[in-house]
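To keep things clear, I will list the structure first and then write my remarks on it.
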Amino acid sequence: MNDAEKINIKLIINGESSSYFVDPNESLLSVLRQHGFVSVKSGCDDGTCGVCTVLIGGQPFYSCKVNAADLD
């Protein structure tokens, strides 16, 4: 995918606001890992193991199943 097809999203991660260009179907797990948040682990990539769980609005979600573009 070329850069023209990417979407600019803004996220607040650990209290800090950041902006990222992401593919429309890219997982939150992928975006976080690409930007140095290596504490978010990758396991099954299908939402069954739970190792990639993050809190979004105080609720737990499997980051491998969350579309990053949906969080903007």
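The values are calculated or read from the model by the stated rules, or taken from the named source; none is laboratory data. What you are looking at is a predicted structure, and each value in this text was computed from that prediction instead of being measured. Here Cβ is always computed from backbone atoms with ideal geometry, including for glycine, and neighbour counts include all displayed protein chains. Areas reflect the complete protein model, heavy atoms only, side chains present, ligands, DNA and RNA absent. Shrake-Rupley method; radii C 1.70, N 1.55, O 1.52, S 1.80 Å.
Structural remarks
- Accessible surface, 1.4 Å probe, highest first, among residues Ser63, Ser30: Ser30, Ser63
- Within the chain, helix-based [θ] at 222 nm, where runs of 4 or more DSSP H residues each add -39,500 (n - 2.57), nearest 500: -2500 deg cm²/dmol
- Net charge dipole size for the chain [Lys, Arg +1 and Asp, Glu -1 on Cβ; Debye, nearest 20]: 240 debye
- Counting only aspartates and glutamates at least 8 places from Lys65 when in the same chain, those with an alpha carbon closer than 19 Å to its own are Asp23, Glu26, Asp45, Asp46.
- Accessible surface comparison of Cys52, Cys44, probe 1.4 Å, protein chains only, largest first: the order is Cys44, Cys52.
- Summed side-chain charge close to Phe37 - residues other than Phe37 whose Cβ falls under 15 Å, Lys, Arg +1, Asp, Glu -1: 0
- Taking 0.36 nm per residue of separation and subtracting the current Cα-Cα distance, fully stretching the chain between Phe37 and Leu71 would add 10.6 nm.
- Average Cα contact separation per residue, the range 33-72, under 8 Å, 6 or more apart, as relative contact order %: 29 percent
- Taking Leu71, Leu32 and ordering them by how much accessible surface each has at a 1.4 Å probe, largest first, produces Leu71, Leu32.
- Rounded to whole numbers, the Karplus 3J(HN,Hα) couplings from phi for the range 43-59 are x, 7, 6, 9, x, 9, 8, x, 5, 9, 4, 10, 9, 10, x, x, 10 Hz, using 6.51 cos²θ - 1.76 cosθ + 1.60 with θ = phi - 60°, and x at Gly and Pro.
- Using a simple spin-label model with pseudo-atoms 7 Å out from Cα toward Cβ, Lys6 and Phe21 lie 0.4 nm apart.
- Rounded to whole Å, the principal axis extents of the Cα atoms in the range 4-72 read 34, 26, 20, largest first.
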